[in-house]
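Comments concern the structure below.
The values are calculated or read from the model by the stated rules, or taken from the named source; none is laboratory data. Just so it is clear, the structure is predicted and the values come from calculations on it, not from any experiment. Here Cβ is always computed from backbone atoms with ideal geometry, including for glycine, and neighbour counts include all displayed protein chains.
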Amino acid sequence: MHSVSLKLFVEFNNIESRHTSRGRVSFGAGEFSVRLNDVNQGRRNCKLIARASERDAGAGAEAGGAESESQQNTSFFERNQMYALMKQQMELAAMSENYEEAARLRDSLKLFEEEEPVLRLRGLMREAIANERFEDAARYHNEIKEIAPHYLLKCSSDATTLGIRVQARSVYIEGRSQPLRGQYFFAYRIRITNNSNRPVQLLKRHWIVTNANEKSEDVWGIGVIGEQPVILPNNSFEYSSACPLTTPSGRMEGDYEMKHIDKVGSKTFNVAIAPFALSTLGDVTDNI
(Lines give C-alpha, C1' and ligand atoms only; values in the text may rest on other atoms or scores of the structure.)
Protein backbone atom coordinates (compact mmCIF):
# COMPACT_ATOMS: atom_id res chain seq x y z
CA MET A 1 0.00 0.00 0.00
CA HIS A 2 1.09 3.59 -0.55
CA SER A 3 0.49 6.71 1.52
CA VAL A 4 0.77 10.13 -0.10
CA SER A 5 0.45 13.62 1.36
CA LEU A 6 -0.30 16.46 -1.07
CA LYS A 7 -2.49 19.55 -1.32
CA LEU A 8 -3.86 20.64 -4.69
CA PHE A 9 -6.87 22.77 -5.60
CA VAL A 10 -8.37 22.36 -9.08
CA GLU A 11 -11.91 22.89 -10.41
CA PHE A 12 -13.76 20.87 -12.98
CA ASN A 13 -17.34 20.15 -14.02
CA ASN A 14 -19.29 17.31 -15.57
CA ILE A 15 -19.20 15.60 -18.94
CA GLU A 16 -20.11 17.71 -21.99
CA SER A 17 -19.49 20.97 -20.09
CA ARG A 18 -17.09 23.63 -21.34
CA HIS A 19 -13.63 24.19 -19.85
CA THR A 20 -10.27 25.61 -20.67
CA SER A 21 -7.17 23.49 -20.56
CA ARG A 22 -4.35 22.72 -22.91
CA GLY A 23 -4.12 19.46 -24.74
CA ARG A 24 -4.08 17.89 -28.18
CA VAL A 25 -5.75 14.81 -29.51
CA SER A 26 -5.38 13.18 -32.89
CA PHE A 27 -7.15 10.92 -35.34
CA GLY A 28 -4.71 8.98 -37.52
CA ALA A 29 -2.13 11.36 -38.93
CA GLY A 30 -4.15 14.48 -38.04
CA GLU A 31 -3.91 16.43 -34.80
CA PHE A 32 -6.54 18.66 -33.27
CA SER A 33 -6.49 21.18 -30.43
CA VAL A 34 -8.65 20.65 -27.39
CA ARG A 35 -9.93 23.94 -26.00
CA LEU A 36 -11.66 23.78 -22.74
CA ASN A 37 -12.89 27.72 -20.38
CA ASP A 38 -10.12 29.78 -18.81
CA VAL A 39 -8.57 28.93 -15.51
CA ASN A 40 -5.68 31.00 -14.17
CA GLN A 41 -3.25 28.37 -13.04
CA GLY A 42 -0.46 30.70 -11.91
CA ARG A 43 2.84 29.50 -10.53
CA ARG A 44 2.89 27.27 -7.50
CA ASN A 45 5.65 26.23 -5.13
CA CYS A 46 4.82 22.63 -4.44
CA LYS A 47 6.65 19.74 -2.94
CA LEU A 48 5.63 16.11 -3.02
CA ILE A 49 5.78 14.28 0.29
CA ALA A 50 5.31 10.59 -0.32
CA ARG A 51 5.81 7.56 1.84
CA ALA A 52 5.32 4.11 0.44
CA SER A 53 5.59 0.71 2.02
CA GLU A 54 4.87 -2.69 0.55
CA ARG A 55 3.01 -5.30 2.53
CA ASP A 56 4.42 -8.78 2.75
CA ALA A 57 3.92 -10.63 -0.50
CA GLY A 58 1.67 -13.13 1.23
CA ALA A 59 -0.45 -10.65 3.20
CA GLY A 60 -4.14 -10.98 2.44
CA ALA A 61 -3.51 -13.73 -0.09
CA GLU A 62 -5.42 -16.96 -0.22
CA ALA A 63 -3.94 -20.27 0.99
CA GLY A 64 -2.15 -20.80 -2.30
CA GLY A 65 -0.31 -17.48 -1.89
CA ALA A 66 -1.73 -15.97 -5.09
CA GLU A 67 -3.50 -12.60 -5.08
CA SER A 68 -7.03 -12.46 -6.36
CA GLU A 69 -7.71 -10.50 -9.54
CA SER A 70 -9.42 -7.74 -7.55
CA GLN A 71 -6.39 -7.43 -5.26
CA GLN A 72 -4.06 -7.22 -8.25
CA ASN A 73 -6.24 -4.52 -9.81
CA THR A 74 -6.37 -2.54 -6.56
CA SER A 75 -2.60 -2.65 -6.27
CA PHE A 76 -2.21 -1.52 -9.87
CA PHE A 77 -4.63 1.39 -9.39
CA GLU A 78 -2.81 2.54 -6.26
CA ARG A 79 0.51 2.52 -8.10
CA ASN A 80 -1.15 4.29 -11.01
CA GLN A 81 -2.40 6.98 -8.63
CA MET A 82 1.09 7.41 -7.19
CA TYR A 83 2.53 7.75 -10.70
CA ALA A 84 -0.06 10.38 -11.67
CA LEU A 85 0.73 12.36 -8.51
CA MET A 86 4.45 12.34 -9.18
CA LYS A 87 4.04 13.39 -12.80
CA GLN A 88 1.76 16.27 -11.81
CA GLN A 89 4.17 17.41 -9.11
CA MET A 90 7.12 17.35 -11.51
CA GLU A 91 5.21 19.61 -13.91
CA LEU A 92 4.21 22.02 -11.12
CA ALA A 93 7.76 22.12 -9.79
CA ALA A 94 9.06 23.00 -13.26
CA MET A 95 6.38 25.71 -13.67
CA SER A 96 7.40 27.27 -10.36
CA GLU A 97 11.08 27.09 -11.44
CA ASN A 98 11.91 24.71 -8.63
CA TYR A 99 14.23 22.79 -10.93
CA GLU A 100 15.99 20.85 -8.18
CA GLU A 101 12.67 19.36 -7.09
CA ALA A 102 11.65 18.76 -10.72
CA ALA A 103 14.89 16.85 -11.34
CA ARG A 104 14.39 14.78 -8.19
CA LEU A 105 10.86 13.87 -9.27
CA ARG A 106 12.05 13.08 -12.79
CA ASP A 107 14.57 10.59 -11.40
CA SER A 108 11.93 9.13 -9.09
CA LEU A 109 9.56 8.68 -12.02
CA LYS A 110 12.23 6.91 -14.04
CA LEU A 111 12.90 4.52 -11.16
CA PHE A 112 9.15 4.03 -10.68
CA GLU A 113 8.75 3.13 -14.38
CA GLU A 114 11.56 0.58 -14.11
CA GLU A 115 9.99 -1.10 -11.07
CA GLU A 116 6.26 -0.90 -11.87
CA PRO A 117 5.44 -4.09 -13.89
CA VAL A 118 2.91 -2.58 -16.31
CA LEU A 119 5.01 0.51 -17.01
CA ARG A 120 8.15 -1.59 -17.44
CA LEU A 121 6.38 -3.94 -19.87
CA ARG A 122 4.95 -0.95 -21.73
CA GLY A 123 8.44 0.44 -22.23
CA LEU A 124 9.73 -2.91 -23.43
CA MET A 125 6.77 -3.30 -25.78
CA ARG A 126 7.31 0.17 -27.26
CA GLU A 127 10.97 -0.58 -27.83
CA ALA A 128 10.17 -3.96 -29.41
CA ILE A 129 7.61 -2.43 -31.79
CA ALA A 130 9.95 0.42 -32.72
CA ASN A 131 12.67 -2.14 -33.56
CA GLU A 132 10.20 -4.43 -35.36
CA ARG A 133 10.74 -7.26 -32.87
CA PHE A 134 7.10 -8.21 -33.11
CA GLU A 135 7.39 -11.62 -31.41
CA ASP A 136 8.81 -9.93 -28.33
CA ALA A 137 6.12 -7.25 -28.55
CA ALA A 138 3.43 -9.94 -28.61
CA ARG A 139 4.96 -11.57 -25.53
CA TYR A 140 5.00 -8.28 -23.61
CA HIS A 141 1.43 -7.65 -24.77
CA ASN A 142 0.32 -10.99 -23.32
CA GLU A 143 2.11 -10.29 -20.03
CA ILE A 144 0.33 -6.93 -19.73
CA LYS A 145 -2.95 -8.68 -20.52
CA GLU A 146 -2.42 -11.04 -17.60
CA ILE A 147 -1.56 -8.24 -15.15
CA ALA A 148 -3.97 -5.49 -16.25
CA PRO A 149 -6.16 -6.47 -19.24
CA HIS A 150 -8.16 -3.22 -19.07
CA TYR A 151 -4.97 -1.28 -19.79
CA LEU A 152 -4.82 -2.59 -23.37
CA LEU A 153 -7.97 -0.72 -24.45
CA LYS A 154 -6.81 2.15 -26.65
CA CYS A 155 -7.52 5.82 -25.94
CA SER A 156 -9.18 6.02 -29.35
CA SER A 157 -11.96 4.23 -31.19
CA ASP A 158 -13.50 4.14 -34.66
CA ALA A 159 -16.93 2.76 -35.58
CA THR A 160 -19.32 3.12 -38.53
CA THR A 161 -23.09 2.66 -38.41
CA LEU A 162 -25.25 3.04 -41.54
CA GLY A 163 -22.50 5.09 -43.17
CA ILE A 164 -21.99 7.39 -40.16
CA ARG A 165 -18.44 7.13 -38.87
CA VAL A 166 -17.60 8.15 -35.29
CA GLN A 167 -13.96 8.59 -34.26
CA ALA A 168 -13.06 9.31 -30.64
CA ARG A 169 -9.79 10.18 -28.91
CA SER A 170 -9.13 10.96 -25.23
CA VAL A 171 -6.24 12.65 -23.42
CA TYR A 172 -5.46 13.04 -19.73
CA ILE A 173 -5.29 16.65 -18.46
CA GLU A 174 -2.84 16.68 -15.55
CA GLY A 175 -3.34 20.35 -14.69
CA ARG A 176 -7.07 19.87 -14.02
CA SER A 177 -6.75 16.67 -11.98
CA GLN A 178 -6.41 16.00 -8.24
CA PRO A 179 -5.07 12.44 -7.94
CA LEU A 180 -4.87 12.60 -4.14
CA ARG A 181 -8.61 13.22 -4.02
CA GLY A 182 -9.37 10.58 -6.60
CA GLN A 183 -10.29 13.15 -9.26
CA TYR A 184 -8.95 12.67 -12.79
CA PHE A 185 -9.84 14.94 -15.69
CA PHE A 186 -9.94 13.75 -19.30
CA ALA A 187 -10.61 15.69 -22.48
CA TYR A 188 -11.90 13.92 -25.56
CA ARG A 189 -12.32 14.81 -29.21
CA ILE A 190 -15.08 13.45 -31.44
CA ARG A 191 -15.24 13.50 -35.22
CA ILE A 192 -18.51 12.42 -36.89
CA THR A 193 -18.28 11.85 -40.66
CA ASN A 194 -21.29 11.26 -42.88
CA ASN A 195 -20.15 8.75 -45.50
CA SER A 196 -23.73 8.02 -46.60
CA ASN A 197 -25.63 9.75 -49.42
CA ARG A 198 -28.28 11.27 -47.12
CA PRO A 199 -28.08 14.27 -44.73
CA VAL A 200 -28.47 13.46 -41.04
CA GLN A 201 -29.08 15.40 -37.85
CA LEU A 202 -27.69 14.47 -34.44
CA LEU A 203 -30.55 14.69 -31.92
CA LYS A 204 -29.38 13.10 -28.67
CA ARG A 205 -26.33 11.57 -27.02
CA HIS A 206 -25.94 8.67 -24.62
CA TRP A 207 -22.66 7.98 -22.84
CA ILE A 208 -21.73 5.07 -20.60
CA VAL A 209 -18.78 6.05 -18.41
CA THR A 210 -17.11 3.21 -16.49
CA ASN A 211 -14.34 3.66 -13.95
CA ALA A 212 -11.57 1.21 -13.10
CA ASN A 213 -13.75 -0.41 -10.44
CA GLU A 214 -16.33 -1.29 -13.13
CA LYS A 215 -18.81 1.25 -11.74
CA SER A 216 -20.78 2.65 -14.67
CA GLU A 217 -22.83 5.82 -15.11
CA ASP A 218 -25.25 6.59 -17.94
CA VAL A 219 -25.25 10.17 -19.20
CA TRP A 220 -28.08 11.33 -21.49
CA GLY A 221 -28.45 14.69 -23.21
CA ILE A 222 -29.84 16.68 -26.10
CA GLY A 223 -27.37 17.09 -28.95
CA VAL A 224 -23.69 17.75 -28.19
CA ILE A 225 -22.13 20.90 -26.64
CA GLY A 226 -25.49 22.66 -26.98
CA GLU A 227 -25.93 21.87 -30.68
CA GLN A 228 -27.96 19.45 -32.80
CA PRO A 229 -25.75 19.58 -35.89
CA VAL A 230 -26.86 18.68 -39.40
CA ILE A 231 -24.16 16.72 -41.24
CA LEU A 232 -24.39 16.64 -45.03
CA PRO A 233 -23.07 13.72 -47.12
CA ASN A 234 -19.25 13.65 -47.30
CA ASN A 235 -18.99 16.20 -44.49
CA SER A 236 -17.83 16.01 -40.88
CA PHE A 237 -18.65 17.59 -37.55
CA GLU A 238 -16.07 17.79 -34.75
CA TYR A 239 -16.21 18.85 -31.14
CA SER A 240 -14.29 18.61 -27.87
CA SER A 241 -15.60 17.97 -24.40
CA ALA A 242 -14.39 16.56 -21.10
CA CYS A 243 -15.12 13.94 -18.49
CA PRO A 244 -14.07 13.68 -14.81
CA LEU A 245 -13.33 10.24 -13.39
CA THR A 246 -12.74 8.93 -9.87
CA THR A 247 -10.02 6.44 -10.86
CA PRO A 248 -6.81 6.80 -12.92
CA SER A 249 -8.33 4.80 -15.75
CA GLY A 250 -11.68 3.81 -17.18
CA ARG A 251 -13.56 3.83 -20.45
CA MET A 252 -16.31 5.58 -22.39
CA GLU A 253 -18.74 4.29 -24.97
CA GLY A 254 -22.24 5.09 -26.12
CA ASP A 255 -24.33 6.15 -29.08
CA TYR A 256 -25.91 9.11 -30.85
CA GLU A 257 -29.56 9.23 -31.83
CA MET A 258 -29.87 10.59 -35.38
CA LYS A 259 -32.38 10.91 -38.17
CA HIS A 260 -32.33 11.48 -41.92
CA ILE A 261 -33.73 14.92 -42.72
CA ASP A 262 -34.28 14.57 -46.47
CA LYS A 263 -37.61 12.82 -45.99
CA VAL A 264 -40.48 13.84 -43.71
CA GLY A 265 -41.34 11.23 -41.08
CA SER A 266 -37.99 9.45 -41.15
CA LYS A 267 -37.40 7.25 -38.13
CA THR A 268 -34.51 7.90 -35.80
CA PHE A 269 -31.61 5.47 -35.55
CA ASN A 270 -28.67 4.95 -33.21
CA VAL A 271 -25.03 5.40 -34.22
CA ALA A 272 -22.48 3.54 -32.10
CA ILE A 273 -19.57 5.18 -30.30
CA ALA A 274 -17.10 2.33 -29.80
CA PRO A 275 -15.39 1.98 -26.39
CA PHE A 276 -12.20 3.97 -25.79
CA ALA A 277 -9.98 4.25 -22.74
CA LEU A 278 -9.59 7.09 -20.29
CA SER A 279 -6.07 6.58 -18.96
CA THR A 280 -3.49 8.64 -17.12
CA LEU A 281 -0.85 6.48 -18.81
CA GLY A 282 -2.05 6.85 -22.41
CA ASP A 283 -1.86 4.15 -25.04
CA VAL A 284 0.68 1.34 -24.78
CA THR A 285 2.07 2.35 -28.17
CA ASP A 286 2.07 6.15 -27.67
CA ASN A 287 5.03 8.06 -29.06
CA ILE A 288 6.43 5.19 -31.15
(message) Give all pairs with beta carbons closer than 6 Å in which a residue from region 174-186 that is among the hydroxyl-bearing types (S, T, Y) meets a residue that is crowded, with 20+ Cβ neighbours inside 10 Å and assigned to a strand (DSSP E or B); count only pairs at least 6 apart in sequence or on separate chains.
(response) S177/Y184; S177/F185; Y184/L245
(request) Give R198, R205, R251, R191 a once-over and let me know the one that is of a type in the set (D, E, K, R) and under 30 Å from M86 (Cβ atoms). (result) R251
(request) Looking for whichever is at pLDDT below 85 and farther than 24 Å from A242 by Cβ here; the options are N131, N73, N98. Which one fits? (result) N73
(request) For residues that are under 20 Å from the mean Cα position of the chain (by Cα) and part of a helix (DSSP H, G or I), tally how many sit in region 91-120. (result) 7
(request) Would you be able to say whether some residue in region 123-141 is over 30 Å from V264 (Cα atoms), out of contact with any His (no Cβ under 8 Å at 6 or more places or on another chain) and part of a strand (DSSP E or B)? (result) no
(request) Could you look through region 119-146, keep only residues that are surrounded by 15 or more Cβ atoms within 10 Å (Cβ to Cβ) and in contact (Cβ under 8 Å) with a residue 60 or more places away in the chain, and pick out the one that is farthest from L281 (Cα to Cα)? (result) I129
(request) Go through region 218-238 and count every residue that is more than 22 Å from D262 (Cα to Cα) and surrounded by fewer than 13 Cβ atoms within 10 Å (Cβ to Cβ). (result) 3
(message) Going residue by residue through region 196-208, is there one that turns out to be surrounded by fewer than 16 Cβ atoms within 10 Å (Cβ to Cβ), at pLDDT 95 or above, in a strand (DSSP E or B) and touching a Lys or Arg at 6+ places or on another chain (Cβ under 7 Å)?
(response) yes
